[in-house]
1. Helix 53-71 against the longest principal axis of the chain: what's the angle in degrees, Cα atoms only, rounded to the nearest 10?
2. Using label points projected 7 Å from each Cα along Cα→Cβ, tell me how many nm separate D149 and E74, to one decimal.
3. Tell me, what is the percent relative contact order of region 61-193, built from C-alpha pairs under 8 Å that lie six or more residues apart?
4. Most mobile of D171, D149, D28 per a Gaussian network model of the chain (Cα springs, under 10 Å)?
5. Sticking with the crude label model, points 7 Å out along Cα→Cβ, report the distance from H49 to W167 in nm, one decimal please.
6. Rounded to the nearest 0.05, what FRET efficiency is calculated for E33 and R194 with R0 set to 41 Å and r the Cβ-Cβ distance?
7. For the Cα atoms of the chain, what angle does the longest principal axis make with the long axis of helix 11-25, in degrees from 0 to 90, nearest 10?
8. Against the longest alpha carbon principal axis of the chain, how many degrees, from 0 to 90 and to the nearest 10, is the axis of helix 178-193 turned?
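Only the coordinates and a few stated rules stand behind these numbers; no lab work does. Every value quoted in this text rests on a predicted model; they were computed, and no experiment measured them. Every residue, glycine as well, gets a Cβ built from its backbone with ideal geometry; the counts of neighbours run over all protein chains shown.
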Amino acid sequence: MTMAKRDTYTPESLLAVAVGVFNERGYDGTSMEHLSKAAGISKSSIYHHVKGKEELLRLAISRALDELFAVLDEPGATGGPAVDRLQYVTRRTVEVLMAELPYVTLLLRVRGNTATERWAMERRREFDHRVAELLKQAAADGDLRADVDARLATRLLFGMINSVVEWYRPDRGGAVTSEEVAEAVVRTAFDGLRTDR
């Protein structure tokens, strides 16, 4: 990823460049030299804002995680029957993923090689656990099939959601909207999970 020399930049624009480079080269394959070339600034200018590339990684992953966890506190996720809350969280998770695509893509690619990556993986597990609890409650309420293990259903649900980062490209003409993708995920998942009551 090469960019023209910039006269001015902000921590936010630097972070966006770093996320692009991390996604393109992999975090481990990215050096501060790569980041400075992509941003069009010197390494010392980068160090003026952050301690190093791991801090950039933590900032980027925090952005993705904060957006995802915020969904769990929205009114649609906190009130009403568990199945409705689960569908709401599923829909909003897809919308967040698509709105924050580069950041969530980076989050989904961490492998636990650094302290920041291990922290991110633990937070992802916490998010998954909270969604699994909603799924278990909806099954206990009789709104979802009881013959599908909640942990397995959660993994399959997130497998479908997370696969969006592999194929969704908003820069291509005729791309579907986040609302269309979210609705398709909800219908596909819940038509198979809901009980016929």
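1. Helix 53-71 sits at roughly 30 degrees to that axis.
2. 3.1
3. Details: 114 pairs, mean separation 42.9, N = 133.
So the answer I get is 32 percent.
4. Highest fluctuation among the options: D171.
5. Using points 7 Å along Cα→Cβ, the separation is 3.5 nm.
6. Details: r = 52 Å, r/R0 = 1.28.
Efficiency, rounded to the nearest 0.05: 0.20.
7. So the helix axis and the longest Cα principal axis differ by about 80 degrees.
8. 40
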